[in-house]
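Structure record follows, encoded as structure tokens.
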Amino acid sequence: YIALSRLALEKGDFEESEQWLRKALHDFPRRVEVHKYLAENYLRRMSGKAESSKFLVKAIDEYIKYAAVQKEDAAAYLKIAQLYRAARQEQRAVPFLERVVKIDNGSSFARTATKYLQETKKGGSTP
């Protein structure tokens, strides 16, 4: 299903891609990486569309579902924080940034998260 979803995505058929991923979730609910693929699908659908904020919210939701199981995936937590920042919801990004620093201290992910945390405390952000 995932390969078929990727093929549809390459063709620009976001709806078909989403259908394959939803089928994968239905048939294989423990394949949590499907949530990450769904999030990527939604992010690709955003460019220049009036409903971009709807897709952004869906992407955040799917990444959160993924991270709830993949608790040590610093990249996923950082991505969630970046998406919240893009949505101008910096305070909602804070716990995810703190999680990145806690689980991957010293990495490039943690350095980026620390930078974002400092910017949030100062009251500014650059998504």
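For the range 1-23, a residue qualifies if it is over 18 Å from L43 (Cβ atoms), small (G, A, S) and buried (at least 16 other Cβ atoms within 10 Å of the Cβ), but none of them does. Restricting attention to the range 89-125, the residues that are more than 25 Å from R31 (Cα to Cα), open to solvent by 60 Å² or more (accessible area, probe 1.4 Å) and in contact (Cβ under 8 Å) with a residue 24 or more places away in the chain total 1.
I need the full set of residues from the range 57-105 which are under 10 Å from the mean Cα position of the chain (by Cα) and of a type in the set (A, V, I, L, M), in order please. So that I can check it myself, show each step before the final result.
Looking only at the range 57-105, we keep the residues that are under 10 Å from the mean Cα position of the chain (by Cα), and these are 57-67, 75-84.
Answer for the range 57-105, where residues must be under 10 Å from the mean Cα position of the chain (by Cα) and of a type in the set (A, V, I, L, M): V57, A59, I60, I64, A67, A75, A76, L78, I80, A81, L83.
Of the residues L56, L38, L43, L78, which single one is open to solvent by less than 70 Å² (accessible area, probe 1.4 Å), in contact (Cβ under 8 Å) with a residue 12 or more places away in the chain, in contact with a helix residue (DSSP H, G or I) (Cβ under 8 Å, 6 or more places away or on another chain) and farther than 21 Å from E15 by Cβ? First the steps, then the outcome.
Numbers: L56 fails: farther than 21 Å from E15 by Cβ; L38 fails: farther than 21 Å from E15 by Cβ; L43 fails: farther than 21 Å from E15 by Cβ.
Unique residue meeting the criteria: L78.
The values are calculated or read from the model by the stated rules, or taken from the named source; none is laboratory data. As the structure is a computational prediction, the values presented were derived from the model and not from experiment. Note that we place each Cβ from the backbone using ideal geometry, even for glycine, and neighbour counts take in every protein chain shown. What goes into the accessible areas is simple: the full protein's heavy atoms, side chains included, and nothing from ligands, DNA or RNA. Shrake-Rupley method; radii C 1.70, N 1.55, O 1.52, S 1.80 Å.
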